[in-house]
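Q: Got a structure here, written out as structure tokens. Questions coming.
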Amino acid sequence: MGSRKKKDKAASIAMIILFSVLAILIVLPVFTLFIASFKPGGDLLQYGLNLDLKLERMSLDNYVLLFTGNHDYWRWFLNSIVLTVLTVFCTLFVSAFVGYGFAVYDFKGKNFLFIIVLIILSIPLEVVMLPLYKQISGWGDNYAAIILPFMAHASTIFFFRQYLFGIPQSILEAGRIDGATEFGIFFRLIIPVMKPAFAAMAILNGMNAWNNYLWPLLVIRSSSKYTLTLGLNTLINPYGDNYSLLIVGSFFSIVPIFILFVCFQKYFVEGMTAGAVKG
Amino acid sequence: MKRRVLAALLSVTMTAAFLMGCGKDAKRETVATNEMEVEGDDVTTLKVWTFIEFHQKFYTDMAKKWNQEHPDKKVKLVLSNLSYDDMHNKLSLALESKEGAPDVVDIELGKFPAFMVGEVGLRDLTDVIEPYKKSIVKSRLDIYSKEGKIYGLPTHVGATVAFYNTDLLKTAGINYEDIKTWDDFKEAGVKYYKATGKSFATIETTAQWMINLMLAQKGGDYLKEDGSLNVNNEIMAEVLEYIKGMQDTGAFSVIPGGQPDNEEAYPCYNNGEYAVQIMPFWNTSRFVNYMTDLAGKVAIAPTPVWKTSDKEFASIGGGGTGTAIVASGKHADLAAEVMAYIKLSEEANKEVWNVLGFDPVNTEVWSDTEITQNADNQYVKYFSNYPFDTLNKIKDNIGSLGSLTDEKWPSINNEFCTVTLNNIFENGMEVKEALKESQATLENEFKK
Amino acid sequence: MLKRFFYSKKIAPYIFVLPFIITVLLFWAAPISNGILLSFQDILKDQWVGTQNYERLLSDKIFLKAIFNSVKYMLGTLILLIPFPLLFASLLNSKLMKKPGLFKSAYFIPALTSVVVAGTVFRLMFGEAAGSLANQVIGFFGFSPIKWLKNAETSYFILLLVACWRWTGVNILYFLAGLQSIPSELYEAAAIDGASKWQQFTKISIPLVKPTSVYVLTISIYAGLSMFLESYMLFKGNNSPNNIGLTIVGYLYRQGIEKRAMGYACAVGCILLLIIMAVNLIQLKLTGAFGKEEK
């Protein structure tokens, strides 16, 4: 028994070492970015991106620039937050609505429709990008054109359907006996029990919305509506303080979403597990 | 568990509070950078797209002057800056779908012909250019023209010149004024390399500043006279073979980024890893802004030629930004008039030099020594000789390549900067073979 | 009447799936059919050209290179991003692992960074200059600086590196979720029967997370074949030297937007659609997932 414990301990240490190395490798680029955020942007051009700690050249200047400088960073930041929140809210609501329909009812054409969900799940947006752009270019310069086409989001619908398979039919029956409408059941009884699933999908969809680039690039026209990714990309030219702002701004763009992730991580794994693809 | 939720809430509120605070602040300040503040009721708002942030301040400064002189036609510019690729792509999409185009847009020379295909969505500017025309370098208007109509307002001449780091050359015992021909240039390179072990000048793979100059000097081009594709021609091969020969000496090498006007290349020059650039004149602004350590060490001189006895071009116009007006814009006429003033008036041309450091298209400015030798000017201060002395020497002999305005040019340019030059100078492919391959690729593309 | 409507179990499901039906018709079916029609036209000349766009595509060497690049990238990501995350997930899921949450958060950071940021960071890390991080590292081992993003092999390596960096953490979480839904009794029983950890992994974990694997496989194929932005950011634009970073979507973007050949680009889109459909069908057939999804 003693040797077994020893073996376990050795395995456990080996694993911690393995995962620590992996973690260091994965965090390394972000850490490089963090180090660079204390150096003048011009150094990036001069010496490339590296881990050199040159204390005499490092300062908080970039952060001062970020928080007090005359630039659009915070406008982009705010736009990104607005767009992300709107996207997540609309996508989750609509997709849960549809996913519920697929999960609890039997109706004519359901299989056919569900196959379409599966097909769309595997078609990249890029395939329809150009014709779709042509189609909606008349909508003007607004976020609706970014959000609306993808509200009924195939993979989110798929996930919610999986998740809702686990809901006991008795809840629905109890609701019907109490005289609730089919929609009342969804709003009052189902949405509350979907919290973990919402958390999981909020993180995934939030991540995508926060980092979305190509579609907003095509749709958005005025710079006052730029999101963070679009804005940061305009900084990739060495004019003025651009690189200083680019580096510190890039680093800072990770911070809020990371805090949210760490806080909701528990629910995330829980939700993913509950909705995991089951055979 | 509870602590976690609390922490989450706390961080969310903190971020939110902090955002609101900063958001407001930043908003108030950023108005200045992207939108002009104009007083008065009857002000026309013009949307402007640029891809070089540099140009924005120049535009707003000039627009303010316009407003002072024309109180009845006040304009307010709202500027958006996008990256080079993104801006041109968005413009082409917007013109395609007839939705969402700005009023005014800066189009880079290399992309300009792409907007001249089919039905042109830009306004003919011939009428607004008329008042300024006599003092403008004609070839710079021609490059933005099609069938006698001018669609772009030039920013500069972009005369190709040589920038020598005299400090470094001195250590190798080289006087840049002795370099007259490309053979001298090559020889000086070898001498420099022997003395210092460092590269003399760059071989280009992502641009064709030196290549186009050499080609034009030899009377070559990318197209035949009738406009048909002909990149695989004798003169082209001669030029590229010659450059290949330079590379083989070891004294010339490909700079990071593949050409001097590049964020990876600036530090190489700044650190003294290369000594010479053959670049259009507007590169002055890159020196002053990005290669600050070289102040006082750089001289501007005419580029080498093949044979001093021949009547060759001393320079060609390189690069450029044509400001265009979107024809379907509601205020297209006013926009055209304002932008013509902003870019072509004598006032504007002085500022093009003062602020941007470019060689203005209005050549009257070139001989105004009060401006060109102004000791307070940052560009005059930076270079070790007077930049306009060189310009005035080559003034009457600045040529151009015909193909630059052809609608095939963007594709040819793309093929050269991604494939052809890489094949030759990075992968060691034979010049003839690389040209043959690219000719075939391009033929397939134009075979519609 | 209204009351019956709200209470009807017959009508309700259609109301529930209605947003999806509308989305499909408006934002998928319409653009796809439009794209197919456009692919038989030359938009700039505004005329029908029959199958000319497709004929040109088949002899277009650059397009073939783009397909080759995309498929190569997709295969690379499949090889790296399915087995390893699965293995890491089972290790993290093991009882011997202390503080897995900490690692999970760390591994997830890359997925939270946008490709715009990630691409720029990697581009600068793998810069040509001797001072760039990658060149410093190989310099430490005595190698001279490499032009990482200028030759096919090293840039393929970097593209895969970015993919692994971004998606390892996400895939670990997918697999963790799948593994946690396997009842622990199964492992206990196997352990009593004397099965080694490795046997438990191959005989219990792998077969039972198959649905998750199929899901991850599907989205990896999808993401691999439609990759564009990573290359766009890494090469600072759509023009990589010798087109080593050009993908199918990159070519679609180049033709449709940069060169304004909308019809030709739509033909590229249609071919991409065909490739993806074909690959997915084969994949679903092989993994037998179709039958199971239907329940």
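FYI, it's all coordinate maths here, none of it is from the lab. Note that the structure is predicted; figures quoted are calculated from it, not measured. Please note: Cβ atoms are built from the backbone with ideal geometry, for glycine as well, and neighbour counts cover all protein chains shown.
Q: Could you give the dipole magnitude of chain A about its Cα centre, charging the beta-carbon of Lys and Arg +1 and that of Asp and Glu -1, in debye to the nearest 20?
A: Roughly 860 debye for chain A.
Q: Which chymotrypsin sites (Phe, Trp or Tyr not before Pro) does the stretch C:1-94 hold that lie in a coil by DSSP with at most 11 other beta carbons within 10 Å?
A: On the way: sites: C:Phe5, C:Phe6, C:Tyr7, C:Tyr14, C:Phe16, C:Phe20, C:Phe27, C:Trp28, C:Phe40, C:Trp48, C:Tyr54, C:Phe63, C:Phe68, C:Tyr73, C:Phe88; in loops: C:Phe40.
Passing both the DSSP loop test and the Cβ count: no residue.
Q: What whole number of Å gives the distance from the Cα centroid of the stretch B:403-448 to the Cα centroid of the stretch A:53-120?
A: Between the Cα centres of the stretch A:53-120 and the stretch B:403-448 lies a distance of 41 Å.
Q: What distance in nm separates the simple spin-label points at C:Leu286 and C:Val71, each placed 7 Å from Cα in the Cβ direction?
A: It works out to 1.3 nm between the two label points.
Q: Run a plain Debye calculation on the stretch B:330-448 (Cα atoms as equal point scatterers, no solvent) and give log10 I(q)/I(0) at q = 0.14, 0.16, 0.18 Å⁻¹, rounded to two decimals, same order as the q list.
A: The Debye formula, applied to the Cα set alone, gives -0.85, -0.89, -0.92.
Q: Need one number: nm distance between label points at B:Lys138 and C:Ser144, each 7 Å from Cα along Cα→Cβ, rounded to one decimal.
A: 5.2 nm
Q: When the Cα atoms of the stretch B:30-133 are enclosed in a convex hull and the volume is divided per residue, what value in Å³ results?
A: So the per-residue Cα hull volume is 134 Å³.
Q: Starting from the stretch B:50-116, pick out the trypsin sites (Lys or Arg not before Pro) whose DSSP state is loop and whose Cβ has at most 15 other Cβ atoms within 10 Å. Kindly include the intermediate steps, with their values, before the conclusion.
A: Working: sites: B:Lys57, B:Lys64, B:Lys65, B:Lys73, B:Lys74, B:Lys76, B:Lys90, B:Lys98, B:Lys111; in loops: B:Lys74, B:Lys98.
Answer by residue number: B:Lys98.
Q: Shifting gears a bit: Can you compute the radius of gyration and Dmax for chain C, using only the Cα atoms, both in Å?
A: Final numbers for Rg and Dmax: 23.8, 83 Å.
Q: Could you pull out every one of the lysines with an alpha carbon less than 17 Å from that of A:Lys108, ignoring same-chain neighbours closer than 8 positions?
A: Hits, sequence-local ones excluded: C:Lys9, C:Lys10, C:Lys295.
Q: Please compute one quarter of the surface area of the Cα convex hull for the stretch C:143-295 and express it in square nanometres.
A: 13.5 nm²
Q: Still on this model: How big, in percent, is the set of alpha carbon pairs in the stretch B:67-119 lying more than 14 Å apart?
A: Of all Cα-Cα pairs in the stretch B:67-119, 62 percent lie more than 14 Å apart.
Q: If the viscosity is 0.692 mPa s and the temperature 37 °C, what translational diffusion coefficient in µm²/s does Stokes-Einstein give for the protein assembly as shown when Rh comes from Kirkwood over Cα pairs?
A: 106 µm²/s
Q: Using only the alpha carbon atoms of the stretch C:9-142, find the Kirkwood hydrodynamic radius as the inverse mean reciprocal pair distance, in angstroms to one decimal.
A: 21.5 Å
Q: What percentages, rounded to whole numbers, describe P(r) for the stretch A:71-274 computed over all alpha carbon pairs with 10 Å bin width beginning at zero?
A: 8, 29, 31, 21, 9, 2, 0
Q: For A:Lys9 and B:Phe446, what is the calculated FRET efficiency with R₀ set at 56 Å and r taken between the beta-carbons, to the nearest 0.05?
A: Step by step, r from the Cβ atoms, then E = 0.20.
Q: Quick one: compute the contact order of the stretch C:60-294, relative version, from alpha carbon pairs under 8 angstrom and 6+ residues apart, as a percent.
A: 29 percent
Q: OK, next. Quick check: pseudo-label points 7 Å beyond the Cα along Cα→Cβ at A:Ile24 and B:Asn392, how many nm apart are they?
A: Calculated label separation equals 6.5 nm.
Q: Could you put B:His70, B:His88, A:His71 in order, starting from the residue whose Cβ has the fewest other Cβ atoms within 10 Å? Display every interim value, and only then the final one.
A: On the way: B:His70 14, B:His88 25, A:His71 21.
In order of increasing Cβ crowding within 10 Å: B:His70, A:His71, B:His88.
Q: Can you give me the long-range amide H partners of B:Ile316? Hydrogens built in the peptide plane at 1.01 Å from N, cutoff under 5 Å, separation of 5 or more residues or another chain.
A: Residues meeting the criterion, in which the H sits 1.01 Å from N, are B:Thr160, B:Gly399.
Q: Counting other C-beta atoms within 10 Å, which of C:Glu188, B:Glu225 has the fewest, and how do the rest follow?
A: Fewest to most other Cβ atoms nearby, the residues stand as B:Glu225, C:Glu188.
Q: Report, by chain and number, residues whose modeled amide H sits under 5 Å from the one on B:Ile150, excluding near sequence neighbours (fewer than 5 apart, same chain).
A: B:Leu125, B:Thr126
Q: Starting from the Cα gyration tensor of the stretch C:1-85, multiply each eigenvalue by 5, take the square root, and state the resulting semi-axes largest first in whole Å.
A: Numbers: eigenvalues 346, 152, 10 Å².
Here the semi-axes work out to 42, 28, 7 Å.
Q: Right, here's the next one. To one decimal place, what orientation-averaged projected area in nm² is obtained for the convex hull of the Cα set of chain B? Write down the numbers at each step before the final one.
A: Working: hull surface 109.9 nm².
Computing the convex hull of the Cα atoms and averaging its projections yields 27.5 nm².
Q: Per residue and in cubic angstrom, what volume does the convex hull of the Cα atoms of the stretch B:39-89 have?
A: Value for the stretch B:39-89: 69 Å³ per residue.
Q: Would you grab the residues whose amide H sits under 5 Å from the one on B:Ser253? Only those 5+ places off in sequence or on another chain, please, with H modelled 1.01 Å from N.
A: Amide H neighbours of B:Ser253: B:Phe200, B:Ala201, B:Ile203.
Q: One quarter of the convex hull surface, Cα atoms only: what value does that give for the stretch A:130-218 in nm²?
A: 7.5 nm²
Q: To the nearest 500 deg cm²/dmol, what mean residue ellipticity at 222 nm is calculated for the protein assembly as shown from DSSP H runs of n ≥ 4 alone, each contributing -39,500 (n - 2.57), summed and divided by the residues? Kindly include the intermediate steps, with their values, before the conclusion.
A: Values: 49 runs with 589 residues, N = 1022.
Calculated mean residue ellipticity at 222 nm is -18000 deg cm²/dmol.
Q: Another question about this same structure. Take the alpha carbon atoms of the stretch C:212-295, find their radius of gyration, then divide it by 2.2 N^0.38 Å using N residues; give the quotient.
A: Dividing the Cα radius of gyration by 2.2 N^0.38 Å gives 1.32.
Q: In whole Å, what three semi-axes, largest first, describe the equivalent ellipsoid of the stretch A:3-68 built from its Cα gyration tensor (square root of 5 times each eigenvalue)?
A: One finds semi-axes of 40, 12, 9 Å for the stretch A:3-68.
Q: Just the Kirkwood number for the stretch C:67-222, please: inverse of mean 1/r across all distinct Cα pairs, in Å, one decimal.
A: For the stretch C:67-222, the Kirkwood estimate is 17.7 Å.
Q: Also, I was wondering about something else. May I ask which of B:Lys111/B:Lys408; C:Lys98/C:Lys197; B:Lys47/B:Lys330; B:Lys224/B:Lys244; B:Lys133/B:Lys393; C:Lys61/C:Lys285 have a Cα-Cα span longer than 20 Å here?
A: Check vs 20 Å cut-off fails for B:Lys224/B:Lys244; B:Lys133/B:Lys393; C:Lys61/C:Lys285.
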